1. Can you name the number of the only condition in (1) near the ligand (Cβ under 7 Å from one of its atoms); (2) part of a loop (DSSP other than H, G, I, E, B); (3) small (Gly, Ala, Ser) that Gly197 fails?
2. For the range 308-330, check the following and say yes or no: at least one residue is assigned to a helix (DSSP H, G or I) and touching a helix residue (DSSP H, G or I) at 6+ places or on another chain (Cβ under 6 Å).
3. Starting from the range 137-164, keep only residues that are charged (D, E, K, R), then list their pairs with residues that are assigned to a loop (DSSP other than H, G, I, E, B) and more than 10 Å from the ligand (Cβ to nearest atom) whose Cβ atoms are within a distance under 6 Å, requiring at least 6 positions of separation or different chains.
4. Given the residues Asn268, Asn241, which is the only one that is under 24 Å from Val142 (Cα atoms) and either surrounded by fewer than 24 Cβ atoms within 10 Å (Cβ to Cβ) or more than 9 Å from the ligand (Cβ to nearest atom) (or both)?
5. Checking Asp260 against (1) farther than 20 Å from Asn150 by Cα; (2) assigned to a helix (DSSP H, G or I), which single condition isn't satisfied?
6. Every residue in the range 126-136 that is touching a residue at least 40 places away in the same chain (Cβ under 8 Å) and of a type outside the set (Lys, Arg), please.
7. Mind telling me which of the residues Arg232, Arg236 ends up being under 21 Å from Lys37 (Cα atoms) and either assigned by the TED database to the domain that holds Glu396 or over 15 Å from the mean Cα position of the chain (by Cα) (or both)?
8. Taking the range 208-236 only, how many residues are near the ligand (Cβ under 6 Å from one of its atoms) and surrounded by fewer than 22 Cβ atoms within 10 Å (Cβ to Cβ)?
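The values are calculated or read from the model by the stated rules, or taken from the named source; none is laboratory data. As the structure is a computational prediction, the values presented were derived from the model and not from experiment. As a convention, Cβ positions derive from the backbone with ideal geometry for all residues, glycine included, and neighbour counts pool all protein chains shown.
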Amino acid sequence: MRRFQQYVNGNFEDGSVSFESLDPSSGQPWAQMPEAKSDDVNRAVKAASKAFDAPEWCNLTATQRGKLLLKLADLIEEHVQELAEIETRDTGKIIRETSAQISYVAEYYRYYAGLADKIEGAHLPIDKPDMEVWLRREPVGVVAAIVPWNSQLFLAAVKIGPALAAGCTIVVKASEEGPGPLLEFARLVHKAGFPAGVVNIITGFGSECGAVLTSHPSVAHVAFTGGPETARHIVRNSAENLASTSLELGGKSPFIVFEDADIESAVNAQIAGIFAATGQSCVAGSRLLISRKVKDRFLELLTNKAKTITIGSPLEMNTEVGPLCSSQQVEHIQALVDKSQEQGAKVLTGGRPIEKEGFYYPPTILDCSDVKDAAAIQNEFFGPVLSILTFDSEEEAIELANDTPFGLASGVFTQNLARAHRMIKRIKAGIVWVNTYRVVSPIAPFGGHGLSGHGREGGIEAALDYTKVKTVWLRT
Ligand code: NAD
């Protein structure tokens, strides 16, 4: 069985305790992971605190920090295949997606490498002739980064990149589900030449490792991606030290198709929008809001396509939908499907786990047209299940789109430009995609409102989250 190590203060360690990680395509253990206990977490935070003030790190210029990030990006690019295979084995995410996403992860580090020496302060034209006043942007301190199990390298990159560009040090807690790729990534951090303690990567369970890390008095900022319930624990934990938080949480994103849309292209976008990453994506377009005028045509095309999706081993290049990450995910999805059916939702395809070894669930479409408050409409599946509601007017589409406590992403499909603008203005979500879906870029901020969290990842906004302002007054 493969063994992974944690990375603390520049050293690779087995950890005092370990746990088995399952291969979701077989349900069998394939690797041993080091479980960080309180002692390990405290050592990692201590190393990050020491590194923050150590001359090897704090005396580097922003350009020098940028160069280290560029080196890291090059190393990631050289090791895409290796990292992708580990992520696929450990989480079940299909190899086509892990390879493509990890190549893109390198671009995020490059973006933040370039941004490092462009995080600027300001000079203030103060109304006193004998004073010079300016603002310095300084790194906030030690950052705790907590990531969920899907897309761990990507979700860590959008935290590590801006944090290091700003001059912070960081302790990353990989999810206990599928931590392999991040633990392996630590080897590239080491090779890139970051001073010891600047980046520490551990894994463990939320109740101990996560709780100790986020309540640690030396942590200045907690960057979290995960579910809203965990976010509440994290905010409570960090409140004791008044650490700042950025929260990237779940979603129940509306995918709105008007009668004037290019139907074929909207169907293709919907298929990718919900079934990519086997539905385990925070921005999954999981609520289809369809104009009654085109409903029948749209659903016929959609259901036919969903039925032909290739389900199989995540390591095969032609697989389009692989296993879910864990058996609990399968149970969670089935419970929501069953409840929705009891409430009156109709299954158009899928709806039962696939009977084979591993944690497989098929692409599923639920018509909830007559049951607006069905469990499938209200709750995040985080799996390959699309729920459908029908609307008769633009006003009703907006009402349905905003009828959710979440506010992460949204999609609008229409060829009417004025209507697109009206929708952009009125949809309550952090991202609006028009006639496209799930496009991301390091340059574009990403994040949500309401139960989807606050703070942004990507873009300059994210880097500023890792800085604090110092106002300097100098008598001349
Ligand atoms: P989760 O909230 O259960 O776990 C996320 C992380 O938090 C894990 O590392 C876990 O160990 C840790 N954790 C658990 N309890 C903790 C505690 N008390 N203190 C500190 N840390 C703790 O989420 P999950 O099930 O792994 O992931 C799925 C969720 O993540 C979904 O809701 C999904 O929408 C969300 N997500 C959001 C985004 C985004 O960018 N908005 C991206 C991906 C996933």
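1. (1)
2. Just the residues of the range 308-330 that are assigned to a helix (DSSP H, G or I), to begin with: 327-330.
Subset that is touching a helix residue (DSSP H, G or I) at 6+ places or on another chain (Cβ under 6 Å): none.
Scanning the range 308-330, I find no residue that is assigned to a helix (DSSP H, G or I) and touching a helix residue (DSSP H, G or I) at 6+ places or on another chain (Cβ under 6 Å), so the answer is no.
3. Within 6 Å, the pairs are Arg137/Ile119; Arg137/Gly121.
4. Numbers: Asn268 fails: under 24 Å from Val142 (Cα atoms).
Residue meeting the stated conditions: Asn241.
5. (2)
6. Asp130, Met131, Glu132, Val133, Trp134, Leu135
7. Arg236
8. As a first pass, look at the range 208-236 and keep what is near the ligand (Cβ under 6 Å from one of its atoms): 210-211, 214, 225-227, 230, 233-234.
Right, trim to surrounded by fewer than 22 Cβ atoms within 10 Å (Cβ to Cβ) and you get 211, 227, 230, 233.
Within the range 208-236, residues that are near the ligand (Cβ under 6 Å from one of its atoms) and surrounded by fewer than 22 Cβ atoms within 10 Å (Cβ to Cβ) number 4.
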